[in-house]
Amino acid sequence: MLAEVMAELAQLEDPRARRVNEKHGDDHGVNLSKLRALAKRLKTQQDLARRLWETDDTPARLLAILICRGKAFERDELDRMLRESRVPKVHDWLVNYVVKKNPYSEGLRLAWSADPDPVVASAGWALTSERVTKKPEGLDLAGLLDVIEAEMKDSPDRLQWAMNHCLAQIGIEHAEHRTRAIDIGERLEVLKDYPTSPGCTSPFAPTWITEMVRRQHEK
C-alpha cells in the first residue's frame, strides 16, 4: 500500500507547481488540490499515515497529515514530528490540522513557545493565536503584548510572522487591548511593506486589525 501511494504521489509531480512552491520554501511539486483528492479517496488510515511520515518525503508527509487521526498521537510523538517539520507547508499543516485537535495541544503550546529553536517557537505562537481567538480565558494578553513588543522586531522570519499574527488577533478580538496592539504594530513596522495582492488584507498588524474590525461592525 505504501509503495502504491508513493508511486501515485510521484505521478502528481508538476514542474510548474514546484517552481511556485519553492518560492515559499516548500520542496515539492504536487498540486495541493490533487493531493487533497487523493486523501479523500484514501480516507482516514492512521497506520499508513505514520508510514508515510517516516519516508521524510514532503508530499508523503502532507498526505499523512490529511489521512491521520490527529487525536491519536502521543505528546512526544507530536513534539518529534514538529521538530522534523522544517518545510513550511508541512509545519503549518501539522500545527493546524493535527496539533490543534490533539488533547496535548495546550502543553505543547507552552513548551514550544519557550523553545530556543525559532521554528519550534513559531508553532507555540500559532497555537497561542488560536487560543486568543477561541479560548482566551486564562491567557495574559497584556503579557503577550509585552513579549511581542520586546522581541518581534528582531525575531527570525517564521517566528516573527507567528508573533505578528498573534498581535493582530489580540487587536481584532479584544477591544480593550486594540489601541496598544495597533500602537505596537505602528512603532515596530513589521511587515509594513509586505507585498499584498489586490483584494487581500495586508499582514501589517494595524491595517489588518482595522480592516477586520470594520468587517465585524458591518455584519
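The values are calculated or read from the model by the stated rules, or taken from the named source; none is laboratory data. Please read all numbers here as calculations on a predicted model, not as lab measurements. Neighbour counts run over all protein chains shown; Cβ positions are idealised from the backbone, glycine included. We work out accessible area using only protein heavy atoms, side chains counted, and drop any ligands, DNA or RNA first. Shrake-Rupley method; radii C 1.70, N 1.55, O 1.52, S 1.80 Å.
If the condition is being outside any helix (DSSP H, G or I) and more than 16 Å from Trp161 (Cα to Cα), then the range 172-202 contributes His174, Ser197, Pro198, Gly199, Cys200. Just one of the listed residues (Arg215, Arg158, Arg180, Arg187) is touching a residue at least 40 places away in the same chain (Cβ under 8 Å) and not β-branched (Val, Ile, Thr), and it is Arg158. Among the numbered conditions (1) modelled with pLDDT under 95; (2) within 23 Å of Leu2 (Cβ to Cβ); (3) surrounded by 15 or more Cβ atoms within 10 Å (Cβ to Cβ), the only one that Cys68 does not meet is (1). Out of all the residues in the range 10-24, which are of a type in the set (Asp, Glu), open to solvent by 70 Å² or more (accessible area, probe 1.4 Å) and not in a helix (DSSP H, G or I)? Result: Glu13, single match.
Hey, does the range 102-111 have a residue that's acidic (Asp, Glu) and either more than 15 Å from the chain's Cα centre (by Cα) or modelled with pLDDT under 95 (or both)? Break it down stepwise before answering.
Start the filter on the range 102-111 by keeping residues that are acidic (Asp, Glu), which leaves 106.
Still in the running and either more than 15 Å from the chain's Cα centre (by Cα) or modelled with pLDDT under 95 (or both): 106.
Among the residues of the range 102-111, at least one is acidic (Asp, Glu) and either more than 15 Å from the chain's Cα centre (by Cα) or modelled with pLDDT under 95 (or both), which makes the answer yes.
Hey, does the range 128-150 have a residue that's touching a residue at least 24 places away in the same chain (Cβ under 8 Å) and more than 25 Å from Thr201 (Cβ to Cβ)? The answer is yes; a qualifying residue exists. Checking each residue in the range 114-152 for being crowded, with 20+ Cβ neighbours inside 10 Å and either among the hydroxyl-bearing types (Ser, Thr, Tyr) or outside any helix (DSSP H, G or I) (or both) picks out Ser122, Thr128, Ser129.
Taking the residues in the range 173-193 that are among the hydrophobic types (A, V, I, L, M, F, W, C) and touching an Asp or Glu at 6+ places or on another chain (Cβ under 9 Å) as candidates, determine which candidate is surrounded by the fewest Cβ atoms within 10 Å (Cβ to Cβ). So that I can check it myself, show each step before the final result.
Restricting attention to the range 173-193, the residues satisfying the condition of being among the hydrophobic types (A, V, I, L, M, F, W, C) are 175, 181-182, 184, 188, 190-191.
Then drop every residue that is not touching an Asp or Glu at 6+ places or on another chain (Cβ under 9 Å), which leaves 184, 188.
Numbers: Ile184: 24, Leu188: 19.
The extreme case among them is Leu188.
Contact map, the range 7-27: first residue free of Cβ contacts under 8 Å to residues at least 12 places away in the same chain, second residue among the hydroxyl-bearing types (Ser, Thr, Tyr) and assigned to a strand (DSSP E or B), Cβ cut-off under 9 Å, separation 6 or more or different chains; the map is empty. Does Ala7 satisfy being aliphatic (A, V, I, L, M), part of a helix (DSSP H, G or I) and open to solvent by 70 Å² or more (accessible area, probe 1.4 Å)? Criteria not met by Ala7.
Would you be able to say whether some residue in the range 159-172 is modelled with pLDDT of 95 or more, over 24 Å from Val119 (Cβ atoms) and either β-branched (Val, Ile, Thr) or out of contact with any Asp or Glu (no Cβ under 9 Å at 6 or more places or on another chain) (or both)? First the steps, then the outcome.
Residues of the range 159-172 modelled with pLDDT of 95 or more: 159-172.
Keeping just the survivors that are over 24 Å from Val119 (Cβ atoms) gives 171-172.
With either β-branched (Val, Ile, Thr) or out of contact with any Asp or Glu (no Cβ under 9 Å at 6 or more places or on another chain) (or both) added as a condition, the list becomes 171-172.
For the range 159-172, residues modelled with pLDDT of 95 or more, over 24 Å from Val119 (Cβ atoms) and either β-branched (Val, Ile, Thr) or out of contact with any Asp or Glu (no Cβ under 9 Å at 6 or more places or on another chain) (or both): present.
Name every residue in the range 203-219 that is in a helix (DSSP H, G or I) and either closer than 18 Å to Met163 by Cα or open to solvent by 60 Å² or more (accessible area, probe 1.4 Å) (or both), in order of residue number. Give the steps one after another, and end with the answer.
Filtering the range 203-219 for residues in a helix (DSSP H, G or I) gives 205-218.
Correct list: Ala205, Pro206, Thr207, Trp208, Ile209, Thr210, Met212, Arg214, Arg215, Gln216, His217, Glu218.
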